[in-house]
Amino acid sequence: MVSGIITTEGNKNVSNVYSRLTCNRDRSCGSRFLGEYEWSNEYVDYKRINHSLNTVRSNVSEGTVGFLIIDDSLSKKDDSTKKIEGLQYHHSHSDGKTMWSHCIVTSHYKISEYSLPLSFKLYLREQFFGTKAKKLFKNKQELAMLLIDEFMPVTETTYLLVDAWYTSGKLMLHALKRGYHTIGRIKSNRVIYPSGIKTSVKEFATHIRKDEICPVRVGEIMPLLC
């Protein structure tokens, strides 16, 4: 059923999903499964992730470096979906405007030639929870920390890879407790405390000598990292 959903293009109804499968089961089996069987999407995710990590574990050496990637993206919807729970207006950086959508914080694992989608958390604003907001609401960084806690690396060395939105002291310290150093872009107006002295990243950069940085190639781009 999951394989059929992934490979089906267009309208993902039971008939189209079953037309993609190689088994000879009648489509009524799928209808009964979805309508009557008490199944757990958490269990399906657990089996999927566990199978993927076991495959990687048996095919990479212990010294291979892995990257846990945390990011968020929008699942955009049209106006006909207004009754779907959790939909809100979120700003889309790629479109440059606010979009009616779900906002999802995701985790991804890249190691050797393997690239594995892991898990996700749905981001909901405080007003969604009403009077229970103080107890239930979690911002994007807190959702990212939950994804970090759920992750089980297959080798000893793992780096956390994030963009500027997640590059904060709180998140970096949380990752460090799990043994992950963080790689991420940082905004020039961020305040840091080198040797206990308060300064901005922009001001601190003026004191860095060329022999204190090294070039790192990422595709065709060569940024300089301290």
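Just so you know, all these numbers are worked out from the coordinates, no wet-lab data involved. The structure presented is a predicted model; accordingly, all values stated were derived computationally and were not measured. Every residue, glycine among them, receives a Cβ derived from its backbone with ideal geometry; neighbour counts consider all protein chains shown.
Rounded to the nearest Å, what's the spacing between the alpha carbon centres of segment 65-127 and segment 173-201? Just the number, please.
Taking the Cα centre of segment 173-201 as reference, the centre of segment 65-127 is 25 Å away.
Sticking with the crude label model, points 7 Å out along Cα→Cβ, report the distance from K198 to N50 in nm, one decimal please.
Calculated label separation equals 5.0 nm.
So how do W165, W39 line up by other beta-carbon neighbours within 10 Å, fewest first?
With the sparsest Cβ surroundings first, the list reads W39, W165.
Listing H102, H91, H207, H108 from the residue with the fewest other Cβ atoms within 10 Å to the one with the most, what is the order?
Numbers: H102 20, H91 12, H207 9, H108 17.
Taking fewest neighbouring Cβ atoms as first place, the list is H207, H91, H108, H102.
Hey, rough spin-label estimate for S3 and N59, points 7 angstrom out along Cα→Cβ, what's it come to in nanometres?
Label at S3, label at N59, 1.6 nm between them.
Return the single residue from K170, K82, K198 with maximal mean-square fluctuation; model: Gaussian network over the chain, springs between Cα atoms under 10 Å.
Residue with maximal mean-square fluctuation among K170, K82, K198: K198.
Just the projected area, averaged over all directions, of the convex hull on the alpha carbon atoms of segment 74-226: how many nm²?
12.9 nm²
Suppose we keep just the DSSP beta bridges with both residues in the chain; what percent of those would be antiparallel, to 5?
So the antiparallel bridges amount to about 80 percent of the total.
Beyond 16 Å, how much of the Cα-Cα pair distribution for segment 40-155 remains, as a whole percent?
Details: 4505 of 6670 pairs.
The calculated P(r) of segment 40-155 puts 68 percent of pairs beyond 16 Å.
Points 7 angstrom from Cα along the Cβ direction at T157 and F129: gap in nanometres?
Using points 7 Å along Cα→Cβ, the separation is 3.9 nm.
Given the pairs K132/K170; K76/K198; K83/K135; K47/K138; K83/K138; K110/K140, which are separated by over 31 angstrom at their Cα positions?
Details: K132/K170 24 Å; K76/K198 41 Å; K83/K135 25 Å; K47/K138 26 Å; K83/K138 23 Å; K110/K140 21 Å.
From the list (K132/K170; K76/K198; K83/K135; K47/K138; K83/K138; K110/K140), the Cα-Cα distance tops 31 Å for K76/K198.
Can you give the FRET efficiency to the nearest 0.05 for R27 and S94, using r as the Cβ-Cβ distance and R₀ = 41 Å?
0.65
Which whole-Hz couplings ³J(HN,Hα) result when phi for each residue of segment 204-214 is put into the Karplus expression 6.51 cos²θ - 1.76 cosθ + 1.60, θ = phi - 60°, listed in order with x for Gly and Pro?
So the J values, rounded to whole Hz, are 4, 4, 5, 9, 8, 8, 4, 6, 9, 10, 9.
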